[in-house]
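All remarks here apply to the structure that follows.
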Amino acid sequence: MKKITIAIDGFSSTGKSTIAKQLAKKLNYSYIDTGAMYRAVAYFALEHQLISEKYFDIEEIVNQLKNIQLHFEYNVESQVSEIYLNGKCIENEIRTLNVSNYVSKVAEIAEVRSFLVDQQKEMGKNKGVILDGRDIGTVVFPDAELKLFMTALPEIRAQRRYEELIAKGEKVEYEAVLKNLTERDLIDAMRKVSPLKKALDAVEIDNSHLTMDEQLEKIYQLSIEKIKL
Ligand code: DC
């Protein structure tokens with residue numbers, strides 16, 4: 001069967017990674033969570049005190065990129081492709097609200113973007129791959145055979161993310177999650193380099209009122225149509 005590239009873009013917490021993982025399993029494709037790569041750089045910057053509420057050392061973040069080695073490893077037990085920073089698994093560390101609060105600022109840095117985009121292009125070059133992010137269909141793989149653009153109402157997205165964080169034991173308020181999400185949407189859509197926007201040939205999926213099964217079936221059918229072409 002022909003292998004294709006599937007690009008999934010969209011706003012924060014629209015369930016991009018959930019659907020990407022489900023679809024990857026069903027198609028036997030590999031999955032690349034590009035947001036995890038931006039989160040890893042933000043985590044590194046936080047750990048090295050290069051970013052805080054009052055401080056943002058862009059020059060040193062760019063200078064430190066040479067000391068950042070990222071790779072993904074599939075964890076058979078959790079069935080998750082986990083991200084490693086310099087040999088250490090940081091899958092849990094990058095999912096905190098603290099990292100979420102800084103990641104969009106880090107993702108605005110042009111050098112960080114090109115550093116990560118080059119790696120994403122390399123990882124996906126053999127097709128049979130699903131990538132999710134903000135610029136996959138517009139910048140990373142503009143020739144992807146299938147492009148999806150995910151949306152959902154902000155309040156529904158915030159509720160989903162809030163429940164996820166609570167389930168992980170984080171002490172967060174719903175309002176803080178909603179605020180973080182709307183701020184990130186704005187920064188992601190307004191930034192100069194590779195802003196979040198729907199590619200002209202992307203299919204928009206609003207999953208505010210879709211069940212997981214309905215969504216998976218819809219997207220699976222779209223994939224099969226492209227694979228059969
Ligand atoms: O998908 P996510 O929430 O884990 O992504 C984290 C942040 O990384 C998000 O706020 C925007 C940024 N990002 C990006 O700019 N480009 C991508 N391809 C993926 C993520």
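Here are the numbers:
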| item | result |
| --- | --- |
| Residue within segment 186-204 that is at pLDDT 95 or above, of a type in the set (Val, Ile, Thr), within 12 Å of the ligand (Cβ to nearest atom) and over 18 Å from Ser13 (Cα atoms) present | no |
| Residues being away from the ligand (no atom under 13 Å from the Cβ) and either surrounded by 20 or more Cβ atoms within 10 Å (Cβ to Cβ) or part of a loop (DSSP other than H, G, I, E, B) (or both) - total across segment 91-114 | 1 |
| Out of Tyr74, Tyr31, sole residue that is in contact with a strand residue (DSSP E or B) (Cβ under 6 Å, 6 or more places away or on another chain), in a strand (DSSP E or B) and in contact (Cβ under 8 Å) with a residue 12 or more places away in the chain | Tyr31 |
| Answer from Val117, Val62, Val139 - the residue that is away from the ligand (no atom under 14 Å from the Cβ), in a helix (DSSP H, G or I), over 28 Å from Tyr162 (Cβ atoms) and of a type in the set (Val, Ile, Thr) | Val62 |
| Count of segment 159-208 residues which are surrounded by 13 or more Cβ atoms within 10 Å (Cβ to Cβ), among the aliphatic types (A, V, I, L, M) and not in a helix (DSSP H, G or I) | 7 |
| Matching residues in segment 45-71 - criterion: being closer than 15 Å to Asn101 by Cβ and without any contact (Cβ under 8 Å) to a residue 60 or more places away in the chain | Leu46, Glu47, Leu50, Ile51, Ser52, Glu53, Lys54, Tyr55, Phe56 |
| Among (1) buried (at least 16 other Cβ atoms within 10 Å of the Cβ); (2) of a type in the set (D, E, K, R); (3) farther than 14 Å from Ser12 by Cα; (4) modelled with pLDDT under 90 - the single one Lys147 does not satisfy | (4) |
| Qualifying position, being within 16 Å of the ligand (Cβ to nearest atom), among the acidic types (Asp, Glu) and at pLDDT 95 or above, among Asp57, Asp9 | Asp9 |
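The values are calculated or read from the model by the stated rules, or taken from the named source; none is laboratory data. The structure presented is a predicted model; accordingly, all values stated were derived computationally and were not measured. Note that we place each Cβ from the backbone using ideal geometry, even for glycine, and neighbour counts take in every protein chain shown.
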